[in-house]
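The values are calculated or read from the model by the stated rules, or taken from the named source; none is laboratory data. Small disclaimer: the values here were computed from a predicted structure and weren't measured. All Cβ positions, even for glycine, are placed from backbone atoms using ideal geometry, and neighbour counts span all protein chains on display.
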Amino acid sequence: MKIKLVLCLLCSILIGTNAMSQSLDFPMNPLPSSEWNLGKWKEVAEINFVPNTTQMGTKAGVGALYASSVGAAISTNRKLGEFKMKFELLQSENGECTMKLQDTYNIQFNTRADLSASNFGSLQLKDGSFKKPKQSVGRTFGLWNTVELSFIPAQNGQVARLEYINVNGIPVLENVFLSSAFEINGVAKNRETAVTFTNIKGTTALRNVAYLAYEDKQPVKLSNLSYTLQETNSDDPDFTNTDKPTINGTAKDLSYDVPNDYTRYRLTYEGDLEVLESNVYAFTAVYSGQGYLSIDGKLIAGGKFSTVREPQTGLIELQKGTHKIKYVYQRVWWAPVMGLYVSSGQFRPYPLSASRSVPVAKENGSIYENPTGENAQLIRSFMMHKGVKKTEVVSVGEKSGVHYSFDLGTGSLLAAWRGDFADVTEMWYQRGEPQIIRPLGLVTELSGDVQDFDAYMSGFEFDKYTLGDKNRPTFIFKLGDARVAKSFKPEGSALLCTTKVDSKNSTDHIIATAKAIQKLTTGVYKVDDHYLFVKDNVEIVKVDDEVTQLISHVPAGKHEINYKIAW
């Protein structure tokens, strides 16, 4: 077992623009083809590559931009200063491109046949080397990757900062000060510049590009604050008041720092919220205990539940003018914390509370598991899958870096991923909820359907799992009159899946369920965010507008189905 301490860089704003700006879902501004200087880039509706070949196919229309010419550049018409951007990027095998920020700083994306050699999402340093991700985060060629980053340009004598870059939901870099990568050399740089993508090798495609441009402003502030402080009963879940008198007063700022000798208390602030611009704002309350925030009598964030410094955020549209604000904080047994932050799609979060009211947090370690031996590592756990907590899960990790999770309650594959194995902190640290395992690598989430055979084969009954070569499990269960055995093992960077069926009747085995399934060539299918390779005779069946299935027709008797998932 490896225990890895995860340390956070605490900025002057405790929550940091990292955590809050990534979690807030403000509508982003799209960048369609009309907003780009296209150069040699072309627009199509779809673009596909066939694995193990050099074939590329496109479908006429709009939505995706691509280039196959070496050196072909595409740049935004709009010049951006401080911004957040999100986009999807796809490349051919051994494709390579760069994204240039402030005419200086390069982020490289490449997709190698050997995924471990990819520099997808790397920051290029001054000497030409790269600050790379700690693990492979890019999908295999021909599959779309989702990239999100936030950038603060060099300005007013300050160096630029790559606040964060996430690839496919995996943090790659955070708080990289670019003075170590590029010297300013006394040259005044334009704060606002175009963002440029340049195709270096192979083919690169972009789609769904959107951004938020941030301004340096603080259009919301508090005034006329007053407070009431009341001691509460320590053993009362309803926090009834003791007989001690209420303390009343006025305050210059929002803080729990009101003199008292109470262990548990309720602190209520009321005052004016001065709004200089009509807009949609996000208010984030951070506290240890219970609390809630209301504006003009409307609950915005928090409620009757206890939390330790977990941001509680709500959105509200406010008109220019003065509004009434109320912030109630209920301290329980934890050290007091009471903070409030505001943000919007035009500026980053800043505090409305005093900094002393949100002390520096004690950082806890995280418990990571990574197999080191030749045998597979099995972990029984809970796991979240499509928003549902699964309680009968076996997660299997291998030294090769290809892992998966299997649901014993349904006999189905939940997810496969490559890279690091598992974060088990919530399973073991203080044994608190939700006690789930979290994949650490690049995940492809499978359907996890309860019924992966013909509907008449009802009566799922899990039997057992046995351990075979290299400690790899085979999962055995009954389904109707059939006996089914499923096993999985890495094959390069893919996952080989084997299903053995022994049935008196012929049946249909649902290999994949997805929103979209596309046949690329014989035996090769594109299934949402991954490829599926299968030699058996299979059929694509469209169930409805949202569900498509890939079905293998299984004859009576003993039959084996083999397919491979690559992502």
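Is it true that T410 is modelled with pLDDT under 95, under 22 Å from V527 (Cβ atoms), among the hydroxyl-bearing types (S, T, Y) and assigned by TED's automatic domain parsing to the domain that holds E560?
So T410 fits the description; yes.
For (1) surrounded by 15 or more Cβ atoms within 10 Å (Cβ to Cβ); (2) in contact with a Lys or Arg (Cβ under 7 Å, 6 or more places away or on another chain); (3) of a type in the set (D, E, K, R), each residue gets a yes or a no:
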{"residue": "S33", "(1), (2), (3)": "yes, no, no"}
{"residue": "A45", "(1), (2), (3)": "no, yes, no"}
{"residue": "K59", "(1), (2), (3)": "no, no, yes"}
{"residue": "I107", "(1), (2), (3)": "yes, no, no"}
{"residue": "G128", "(1), (2), (3)": "no, no, no"}
{"residue": "K134", "(1), (2), (3)": "no, no, yes"}
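Tally the residues that are in contact with a His (Cβ under 9 Å, 6 or more places away or on another chain) and modelled with pLDDT of 90 or more, restricting the search to region 515-539.
Number of matching residues: 2.
Quick check: is even one residue across region 336-354 closer than 29 Å to S234 by Cα, surrounded by fewer than 17 Cβ atoms within 10 Å (Cβ to Cβ) and either charged (D, E, K, R) or in the same structural domain as T232 (by TED's automatic domain parsing) (or both)?
no
Go through the residues of region 128-147 one by one and say whether even a single one is part of a loop (DSSP other than H, G, I, E, B), at pLDDT below 80 and either over 21 Å from Y211 (Cα atoms) or in contact with a strand residue (DSSP E or B) (Cβ under 8 Å, 6 or more places away or on another chain) (or both).
Yes, region 128-147 contains a residue that is part of a loop (DSSP other than H, G, I, E, B), at pLDDT below 80 and either over 21 Å from Y211 (Cα atoms) or in contact with a strand residue (DSSP E or B) (Cβ under 8 Å, 6 or more places away or on another chain) (or both).
Name, by its number, the condition in (1) in a loop (DSSP other than H, G, I, E, B); (2) under 26 Å from F26 (Cβ atoms) that does not hold for Y262.
Only one criterion in (1) in a loop (DSSP other than H, G, I, E, B); (2) under 26 Å from F26 (Cβ atoms) is unmet by Y262, namely (2).
Which count do you get for residues in region 300-315 that are surrounded by fewer than 17 Cβ atoms within 10 Å (Cβ to Cβ) and in a strand (DSSP E or B)?
Residues flagged as surrounded by fewer than 17 Cβ atoms within 10 Å (Cβ to Cβ) and in a strand (DSSP E or B) within region 300-315 amount to 6.
Going by the structure shown, is T322 β-branched (V, I, T), modelled with pLDDT under 95 and out of contact with any Ser or Thr (no Cβ under 6 Å at 6 or more places or on another chain)?
no
Residues to consider are Y256, Y269, Y265; find the one that is within 30 Å of K217 (Cβ to Cβ) and out of contact with any helix residue (DSSP H, G or I) (no Cβ under 6 Å at 6 or more places or on another chain).
Y269
Can you tell which of I540, I476, I511 is without any contact (Cβ under 8 Å) to a residue 60 or more places away in the chain and crowded, with 20+ Cβ neighbours inside 10 Å?
That would be I511, the only listed residue that is without any contact (Cβ under 8 Å) to a residue 60 or more places away in the chain and crowded, with 20+ Cβ neighbours inside 10 Å.
Which one is surrounded by the fewest Cβ atoms within 10 Å (Cβ to Cβ), of the residues in region 428-473 that are assigned to a loop (DSSP other than H, G, I, E, B), at pLDDT 90 or above and touching a Ser or Thr at 6+ places or on another chain (Cβ under 9 Å)?
Among those residues, the one meeting the criterion is G468.
Please return the ranges of strands (runs of 3 or more DSSP E) entirely within region 26-96 where 3 or more residues are closer than 15 Å to R207 by Cβ.
Filter on region 26-96 gives 42-49, 56-67, 82-91.
Right, V527: under 32 Å from the mean Cα position of the chain (by Cα) and surrounded by fewer than 21 Cβ atoms within 10 Å (Cβ to Cβ) or not?
In short, no.
Out of T410, T391, T372, report the one residue that is without any contact (Cβ under 8 Å) to a residue 60 or more places away in the chain, surrounded by fewer than 21 Cβ atoms within 10 Å (Cβ to Cβ) and part of a strand (DSSP E or B).
Unique residue meeting the criteria: T391.
Hey, any hits in region 290-299 for a residue that's within 13 Å of L340 (Cβ to Cβ), touching a helix residue (DSSP H, G or I) at 6+ places or on another chain (Cβ under 8 Å), in a strand (DSSP E or B) and among the hydroxyl-bearing types (S, T, Y)?
Within region 290-299 (the criterion being within 13 Å of L340 (Cβ to Cβ), touching a helix residue (DSSP H, G or I) at 6+ places or on another chain (Cβ under 8 Å), in a strand (DSSP E or B) and among the hydroxyl-bearing types (S, T, Y)), the answer is no, since none of the residues qualifies.
Just to verify a result, which residue in region 323-357, among those that are among the basic types (K, R) and in a strand (DSSP E or B), is nearest to the chain's Cα centre (by Cα)?
Of everything passing the filter in region 323-357, R348 is nearest to the chain's Cα centre (by Cα).
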